1. Of (1) surrounded by fewer than 19 Cβ atoms within 10 Å (Cβ to Cβ); (2) over 20 Å from the mean Cα position of the chain (by Cα); (3) among the β-branched types (V, I, T), T287 satisfies all except one. Which?
2. Here is a check on your reading of the model: is Q302 of a type in the set (S, T, N, Q), modelled with pLDDT of 90 or more, within 19 Å of the chain's Cα centre (by Cα) and surrounded by fewer than 18 Cβ atoms within 10 Å (Cβ to Cβ)?
3. Going by the conditions given, is A197 in a strand (DSSP E or B) and either surrounded by fewer than 16 Cβ atoms within 10 Å (Cβ to Cβ) or modelled with pLDDT of 95 or more (or both)?
4. Does any residue in the range 257-276 that is in contact (Cβ under 8 Å) with a residue 24 or more places away in the chain come within less than 9 Å, Cβ to Cβ, of a residue that is surrounded by fewer than 23 Cβ atoms within 10 Å (Cβ to Cβ) and aromatic (F, W, Y) six or more places away or on a different chain, and which pairs are these?
5. Is it the case that G155 is under 23 Å from the mean Cα position of the chain (by Cα), in the same structural domain as A212 (by TED's automatic domain parsing) and on the phi > 0 side of the Ramachandran plot?
6. One residue is enough: does the range 209-220 have a residue meeting the conditions within 15 Å of S161 (Cα to Cα), assigned to a strand (DSSP E or B), of a type in the set (A, V, I, L, M) and more than 19 Å from the chain's Cα centre (by Cα)?
7. Which residue out of Q270, Q231, Q204 is in contact with a Leu (Cβ under 9 Å, 6 or more places away or on another chain) and either among the polar types (S, T, N, Q) or at pLDDT below 95 (or both)?
8. Among the residues of the range 229-257, count how many are in contact with a Lys or Arg (Cβ under 9 Å, 6 or more places away or on another chain), assigned to a loop (DSSP other than H, G, I, E, B) and over 16 Å from G126 (Cα atoms).
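The values are calculated or read from the model by the stated rules, or taken from the named source; none is laboratory data. The structure displayed is predicted, hence computed values, not measured ones. Positions of Cβ are generated from backbone atoms using ideal geometry, with glycine treated the same way; all protein chains shown enter the neighbour counts.
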Amino acid sequence: MKSGFFALTTRIARPLAAAAALTLATAANAAYPDKSVRLVVGFAPGGSDISGRIVAQKLSQLWGQSIVVDNKPGAAGNIGADLVARAAPDGYTLLLAVNSYTINTTVYRNLSWDLQRDFVPIARYGTSPMVVVVNEKLPVRTLPELVAHAKANPGKLNYGSAGQGTAPHLVVEQFLQQTGTSMAHIPYKGSAPSVTAVLADEVQVAFGAQSAFESFIKAGKLRTLAVTTEQRSQALPDVPTVREAMNIDFDADIWYGLLAPANTPPAIVQKISDDLRKVLADPETQTKLREVGVTANFLGSQDMRNLIQRDVAKWREVANRIKLTMD
């Protein structure tokens with residue numbers, strides 16, 4: 001009798017527990033967010049946070065809650081990622097993710113976090129080509145001219161990036177390898193300082209997110225030689241792709257998305273993802289993103305997880321080829 005009673009109790013308790021969990025998840029989904037949300041950006045202001053602030057403002061309007069964008073630059077974004085990885089998994093501390101993090105997880109030997117273990121993808125919200133820009137004092141106007149100038153002046157050209165091991169760094173190294181060119185790498189703490197450096201002629205060349213360089217390109221303060229994606233940028237239709245200019249197989253972009261700490265309730269992850277999809281469907285949001293060089297390009301949680309896995313494998317191959325490891 002006892003065993004039968006316990007079996008019956010178990011059969012009753014399990015559905016009740018499942019129903020209770022579903023009720024709690026639904027309640028969490030309905031209540032979220034009921035206070036301010038913190039969006040951590042692991043880079044200096046003026047870079048990846050430009051598009052992030054647009055998205056944050058739109059989500060804030062939808063939720064009726066403020067979203068505080070908190071820049072924590074340093075160590076190629078690792079400081080910000082570590083902060084979010086250790087945050088409470090309640091949806092109130094999020095990470096603005098760029099594909100540089102898929103590189104970090106392959107090249108840093110002593111990371112305190114793991115991209116695929118310590119975070120749950122929420123969604124990708126946009127993509128941006130990288131641009132190849134030069135200081136206007138440099139006597140080149142095309143990408144082949146830049147390569148020829150670098151080969152004719154060995155050791156005299158520097159290129160800037162958003163940091164050691166970031167996507168711009170590895171993309172330039174891939175370009176240099178494919179074109180047999182050499183330039184010295186000067187890493188900065190984010191896109192904005194690298195933009196300042198090329199404007200000031202501290203470095204002569206930079207590859208970086210179009211969104212970070214957009215205003216200076218429009219103002220004619222930087223000369224744009226190419227975009228790194230397979231297709232030309234809608235915002236820069238007269239600028240050729242690297243593939244067109246150099247006749248090489250080359251395709252790279254920057255993507256932007258949101259990550260939450262691992263174990264964040266699935267209902268909250270789904271709500272943020274669904275609401276992000278809603279704001280990206282707004283023509284005004286699309287226009288604002290386009291104005292800073294970002295195309296609204298939504299991927300849900302699972303698709304973003306697949307994208308991260310693919311990029312980790314891709315950048316591991318590039319990093320191994322150039323023997324890049326970092327502490």
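1. Failing condition for T287: (2).
2. In short, yes.
3. On the way: in a strand (DSSP E or B): no; either surrounded by fewer than 16 Cβ atoms within 10 Å (Cβ to Cβ) or modelled with pLDDT of 95 or more (or both): yes.
Criteria not met by A197.
4. As it stands, the answer is P265/Y32; A267/Y32; I268/Y32; K271/Y32; I272/Y32; S273/F298; D275/W63; L276/F298, since those pairs meet every condition given.
5. Taking the combined requirement at face value, the residue does not satisfy it.
6. no
7. On the way: Q270 fails: in contact with a Leu (Cβ under 9 Å, 6 or more places away or on another chain); Q231 fails: in contact with a Leu (Cβ under 9 Å, 6 or more places away or on another chain).
The match here is Q204.
8. Residues meeting the conditions: 7.
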